[in-house]
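Here's the structure, in structure tokens; my notes come after.
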Amino acid sequence: MAPTGRKPNAEFMEDFLIISGLIAVQIIGAFYIVLLKPILSLGIKPLFLVIIGSLAMAFFIFPFAIALEKKKWPSKLSLTLVVQFILISLGGVTTFQSLMFVGIKKTSPAIASAMPNLAPGIIFIIAACLRLEKLDFKCNYTRTKILGTLVCLTGAVALSILQSPTDPTDFGRSSVLPNPSPVNVYRDWIIGCCSLLGAVLVLSCSTVLQAATMMEFPAPLSLCCVTSLLASVLTTIVQFIMEGKLDFGQPTISIQAIISFVFLGGMLIALCVAFQTWAVLRKGPVMVSMFNPIQTVCSTVLSTIILGQVIKFESFVGMLAMFFGLYMVLWAKMKEGFGLPNTDDQDKLTESTTSEEEEEDIERPLLS
């Protein structure tokens, strides 16, 4: 019998490390989202948080990019690649984070962490519209992805409508957060839900663009570092244009404490991104995406404990519908074999010369 090259114990330890790490990543993300709620309610400007957070992200992820991806950097940057960097920075970082911060502030961390579960379904729609994904309505996997996307969207609408507050207590009557007046409750909730849906749409478009960019720049950590740094600079320019100055708002606590928290969050998120990138290379994007609902569950529990925000049972059903639709889409993608190859197989893929294999290489990252 031919040796496998890897001992069973080593494979078990790697699987255990990846699963434990992915769970920890989602828990860290949940804590960060929940703690952002009171910080945003203290008067800090969302754009300023984007500037500091993006700068921290670029700073902490830069060592990982050098250590793991320096050999993958192109000798020179084309104009197309530079434009793609700018678009990803403005869309996937500045606009996405700004809309997410508004959504977190005006709704709840549980709702904000649930909405990104729509992304795989929306990416499927965008890829189908751009003919980046083949649609065969006779194929069971295609029908499953369409049905899963519809279930996700239905769950998101139900989650937003059924959780719509009837009184200010739904925003969290606690000592941590101030309570809005009843007149503004519904208006803020609608604005927050629309912001979150807009953020997911922007994220989905940005993901498709990132996949196209990585065909010429196959270094995900370096791409994240470059776009985060660009986003920090571009967001500063945007704030100067809109407000005439770099304004951090009028927070009721020291700005040093807020910057310290954002930098700490940036460091943790950078570590999470580096780990998820490694996990995608080892196990593929489908497995990594399967752990996303853990963040929503943790955010719901932490919001109840820390902020006193309780999600309604009807909205919980909508959240479950989103999870069910997400797993339908992920299952169909996994069965179609759109996961990224392991690092051991990458050299074999680069040596393939048939046109069919080239088309598959183009499609895989766009659908992951």
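The values are calculated or read from the model by the stated rules, or taken from the named source; none is laboratory data. As the structure is a computational prediction, the values presented were derived from the model and not from experiment. The area values use the complete protein model at the heavy-atom level, side chains included, leaving out ligands, DNA and RNA. Shrake-Rupley method; radii C 1.70, N 1.55, O 1.52, S 1.80 Å.
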(request) Evaluate the Debye formula for region 74-153 with equal point scatterers sitting on the alpha carbons, no solvent, and hand back log10 of I(q)/I(0) at q = 0.21, 0.24 Å⁻¹, in q order, two decimals. (result) -1.00, -1.08
(message) Over all directions, the average projected area of the alpha-carbon convex hull for region 47-118 comes to how many nm²?
(response) 6.5
(request) Provide, for q = 0.13, 0.20, 0.22 Å⁻¹, the log10 of I(q)/I(0) from a solvent-free Debye sum over equal Cα point scatterers in region 198-333. (result) -0.89, -1.41, -1.42
(request) Once you have a ≥ b ≥ c as the square roots of the Cα gyration tensor eigenvalues for region 1-142, tell me rounded if a/c is under 1.5, and otherwise prolate or oblate according to whether a/b is larger than b/c. (result) rounded
(message) Just the number please: accessible area per residue for region 59-118, 1.4 Å probe, all protein chains included, in Å².
(response) 48
(request) List, in order, the whole-Hz ³J(HN,Hα) value for each residue of region 219-234 obtained from phi through the Karplus relation with A = 6.51, B = -1.76, C = 1.60 and θ = phi - 60°; use x for Gly and Pro. (result) 9, x, 5, 5, 4, 5, 5, 5, 5, 5, 5, 4, 4, 4, 5, 5
(request) Working with all protein chains in place, sort Met242, Met214, Met290 by solvent-accessible area computed with a 1.4 Å probe, largest first. (result) Met242, Met290, Met214
(request) Quick one: which residues, 5+ away or cross-chain, put their amide H under 5 Å from the amide H of Gly249? H built at 1.01 Å from N. (result) Lys45
(request) Grab the eigenvalues of the alpha-carbon gyration tensor for region 250-293, scale each by 5, take roots, and send me the semi-axes largest first in whole angstrom. (result) 33, 11, 5
(message) For a 25 Å ceiling on Cα separation, which of these pairs sit above it: Lys106/Lys333; Lys37/Lys312; Lys134/Lys335; Lys71/Lys283; Lys70/Lys245?
(response) Lys106/Lys333; Lys70/Lys245
(request) Provide the per residue accessible area, probe 1.4 Å, for region 211-314, rounded to a whole number of square angstrom. (result) 47
(request) Rounded to whole Hz and in sequence order, give me ³J(HN,Hα) for region 78-94 from the Karplus expression 6.51 cos²θ - 1.76 cosθ + 1.60, θ = phi - 60°, writing x for Gly and Pro. (result) 7, 4, 4, 5, 5, 4, 4, 4, 5, 5, 5, 5, 5, x, x, 10, 4
